[in-house]
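For reference, the structure is listed below as structure tokens.
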């Protein structure tokens, strides 16, 4: 593998792992005792146009079985409510409780603080090439996967 490819791979993996690690530690320090996986399930539910189990599993790129196990756990912890649509009882939808919404507020706050720090520390708003490159990388992954 070329030096450029090795470096890009290393940087992407390193940044991804750092963000997850820092995110989890920050949320724990704020009293949130959930895994990042659970918090990201909340995020997928909140952002879904129609929060069916099928749609959530597709967005998260996990199987229905895996999502069901996770949702069962979140229901027992009183963070998620599962219900069936009245007009089509085959559709199983999920909804966040106020406790989950409060956790998402802290999660969003973390992301805002992280991005604000990047802009202050690295002066990112002036680096058009970097912003365009990040945009291209994001678009690549959306289209490819």
- Just give me the residues in segment 60-89 being at positive phi and either in contact with a strand residue (DSSP E or B) (Cβ under 8 Å, 6 or more places away or on another chain) or at pLDDT below 95 (or both), in sequence order. 61
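Name every residue in segment 23-50 that is assigned to a loop (DSSP other than H, G, I, E, B), under 15 Å from the mean Cα position of the chain (by Cα) and surrounded by 17 or more Cβ atoms within 10 Å (Cβ to Cβ), in order of residue number. Walk me through how you get there before you give the answer.
Initial filter on segment 23-50 (assigned to a loop (DSSP other than H, G, I, E, B)): 30-35, 48-50.
Checking the rest, the ones that are also under 15 Å from the mean Cα position of the chain (by Cα) come to 34-35, 48.
Passing the criteria: only 34.
Here is a yes/no grid of residues against (1) more than 22 Å from residue 11 (Cα to Cα); (2) touching a residue at least 60 places away in the same chain (Cβ under 8 Å):
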| site | (1), (2) |
| --- | --- |
| 27 | yes, yes |
| 49 | yes, no |
| 55 | yes, no |
| 93 | yes, no |
| 121 | no, no |
- Query: How many residues are over 16 Å from the mean Cα position of the chain (by Cα) and under 18 Å from residue 145 (Cα atoms) when one looks only at segment 55-68?
  - Reply: 1
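So which residues in segment 55-67 are surrounded by 15 or more Cβ atoms within 10 Å (Cβ to Cβ) and more than 18 Å from residue 36 (Cβ to Cβ)?
Of all residues in segment 55-67, those surrounded by 15 or more Cβ atoms within 10 Å (Cβ to Cβ) come to 55-57, 59-60, 62, 67.
Of everything in segment 55-67, just one residue is surrounded by 15 or more Cβ atoms within 10 Å (Cβ to Cβ) and more than 18 Å from residue 36 (Cβ to Cβ), namely 55.
The values are calculated or read from the model by the stated rules, or taken from the named source; none is laboratory data. As the structure is a prediction and not an experimental result, all values here were calculated from the model. No Cβ is skipped: glycine too gets one built from the backbone with ideal geometry, and neighbour counts run over all protein chains shown.
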